[in-house]
Amino acid sequence: MRLSYPTNVKIIKVPCTGRVDAVTVLKSFESGVDGVYLAGCEIGDCHFIKGNIRAKKRVVYMKELLKEVGLEPERVEMYHIATSDGPRFAQVAKEMTEKIRALGPSPVRGPEKTEEAKEVFEA
Amino acid sequence: MIVGNRKPLEEIQEMIKPYKKILILGCRECITVCAAGGEREVAVLASELKLSRTKEGREIEIKEFTLERQCDYEYIDQIKPFVDEYEAVVSMACGAGIQYTAERFPQKIVLPAINTTFLGVTLEQGVWSERCQGCGDCVLHLTGGICPVARCAKSLFNGPCGGSSNGKCEVNKDTDCAWQLIVDRLKTLGQLDRYEDIIPAKDWKPSREGGPRVRIREDLRLD
Ligand code: SF4
Ligand code: SF4
């Protein structure tokens with residue numbers, strides 16, 4: 001299966017979405033990303049039993065933090081994608097990219113990063 | 001443990017408005033356990049403040065530091081070597097820790113990031129509940145181990161009041177009536193006869209009526 005997905009999506013591998021905490025996500029925004037999504041396994045399929053359920057709850061908390069900071073909460077999302085479901089993975093990457101494009105660049109990136117990002121948004 | 005809540009970001013932003021270089025100071029004791037002011041929460045607050053400042057286009061430099069305890073001078077003094085590099089300290093300890101930090105560094109602006117709320121327990125991960133109000137004269141032996149001061153909305157010593165219904169308190173339908181709990185527990189312990197004894201009016205002097213309290217153990221003092 002050779003599926004393409006938007007090149008602006010950078011993948012960070014973690015053992016389980018349960019490993020991702022608010023600090024990691026906030027730090028990503030500090031580094032200048034426009035959005036973050038967690039791609040976890042389907043509910044009920046977690047190798048660590050509840051990692052993806054906990055991640056889902058944490059995403060709700062992260063949205064609250066983004067709101068406090070003055071960022072759109074939609075910039076962080078949780079998706080559940082079966083490990084074998086390549087087409088869905090590509091579809092989610094497209095969906096999230098479109099959503100973030102519609103929101104525009106993150107207002108919290110420094111000026112130099114905004115320049116860099118313009119290319120991506122204007123592409 | 002002492003339980004507290006992180007203040008809303010807006011309030012903290014307002015407090016630090018004049019500053020460009022701050023130290024966020026966490027505490028590894030109770031406030032870490034109740035997930036309000038430990039190392040992680042320090043990191044979250046630091047990141048939130050940096051993001052919101054970037055958004056405003058105003059710079060901020062933040063040092064994150066978490067002490068073993070913020071209610072003991074030996075630990076607080078660990079920030080001595082670098083505290084002067086910062087315009088203000090945002091403390092994420094309980095009210096006691098925040099004050100003690102301010103007391104140790106009288107020239108420093110020390111700001112609270114925590115609303116300290118109660119002495120309580122962990123009911124389950126992520127849920128904490130009030131149990132004691134530090135009244136200074138414990139009556140748990142009379143009340144089946146359930147505190148009428150902290151857990152009855154009216155701190156009644158001979159309850160329940162007329163508002164107790166189906167085991168719930170009239171003040172909040174989700175809160176157990178402390179006096180229902182007391183009666184049930186006395187029953188379980190076979191001590192229901194105690195319920196017939198009138199508990200005399202409480203002497204509130206050991207509580208806060210006499211002003212701030214001090215505890216001294218002469219045998220432990222060094223001089
Ligand atoms: S009676 Fe006083 S000391 Fe005892 S648990 Fe209640 S508030 Fe705390
Ligand atoms: S209903 Fe029970 S807990 Fe509530 S105020 Fe009355 S006695 Fe106290």
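The values are calculated or read from the model by the stated rules, or taken from the named source; none is laboratory data. All of these numbers come straight from a predicted model, not from anything done at the bench. Cβ sites come from the backbone with ideal geometry, for glycine too, and all protein chains shown count toward neighbours.
Restricting B:R215, B:R185 to those that are of a type in the set (K, R) and assigned to a helix (DSSP H, G or I) reduces the list to B:R185.
Restricting attention to region A:7-40, the residues that are under 14 Å from A:I100 (Cα atoms), of a type in the set (D, E) and within 10 Å of chain B (Cβ to nearest Cβ) add up to 0.
The residues of region A:41-74 that are of a type in the set (K, R) and touching an Asp or Glu at 6+ places or on another chain (Cβ under 9 Å), listed by number, are A:R58, A:K63. When region A:64-80 is filtered for residues that are of a type outside the set (S, T, Y) and more than 13 Å from chain B (Cβ to nearest Cβ), the ones remaining, listed by number, are A:P73, A:E74, A:E77, A:M78, A:H80. Taking first residues from region B:121-138 that are closer than 29 Å to B:G211 by Cβ and within 16 Å of ligand 2 (Cβ to nearest atom) and partners that are modelled with pLDDT of 95 or more and among the charged types (D, E, K, R), the Cβ contacts under 8 Å between residues at least 6 apart in sequence or on separate chains come to B:E130/B:R151; B:R131/B:R151. Exactly one residue out of B:L222, B:L189 is modelled with pLDDT of 95 or more and either more than 28 Å from the chain's Cα centre (by Cα) or within 22 Å of B:T117 (Cβ to Cβ) (or both), and it is B:L189. The condition (being in contact (Cβ under 8 Å) with a residue 24 or more places away in the chain and in contact with a Ser or Thr (Cβ under 6 Å, 6 or more places away or on another chain)) is satisfied by just one residue among B:L67, B:L25: B:L25.
Of the set (1) more than 14 Å from chain A (Cβ to nearest Cβ); (2) away from ligand 1 (no atom under 16 Å from the Cβ); (3) not basic (K, R), all apply to B:N158 but (2).
Scanning region A:31-42 for residues that are acidic (D, E) and surrounded by 17 or more Cβ atoms within 10 Å (Cβ to Cβ) turns up just one, A:D34. Of all the residues in region B:165-182, those that are part of a loop (DSSP other than H, G, I, E, B) and touching a helix residue (DSSP H, G or I) at 6+ places or on another chain (Cβ under 8 Å) number 1.
Being loosely packed, with under 14 Cβ neighbours inside 10 Å, free of Cβ contacts under 8 Å to residues at least 12 places away in the same chain and of a type in the set (G, A, S) is true of B:G162. Within region B:6-36, the residues that satisfy the criterion of being within 16 Å of the chain's Cα centre (by Cα) and more than 21 Å from B:D72 (Cα to Cα) are B:R6, B:K7.
Of all the residues in region B:104-114, those that are in a strand (DSSP E or B) and either in the same structural domain as B:I182 (by TED's automatic domain parsing) or of a type in the set (A, V, I, L, M) (or both) number 4.
Checked against the criterion of being in contact (Cβ under 8 Å) with a residue 40 or more places away in the chain, within 14 Å of chain B (Cβ to nearest Cβ), in a loop (DSSP other than H, G, I, E, B) and within 18 Å of A:S106 (Cα to Cα), region A:52-63 has no qualifying residue. Applying the selection to region A:76-123, what residues are modelled with pLDDT under 95 and of a type in the set (V, I, T)? Correct list: A:T83, A:V108, A:T114, A:V120. Contact map, region B:35-54: first residue facing chain A (nearest Cβ under 7 Å) and free of Cβ contacts under 8 Å to residues at least 40 places away in the same chain, second residue in a helix (DSSP H, G or I) and among the small types (G, A, S), Cβ cut-off under 7 Å, separation 6 or more or different chains; pairs are B:V44/A:A22.
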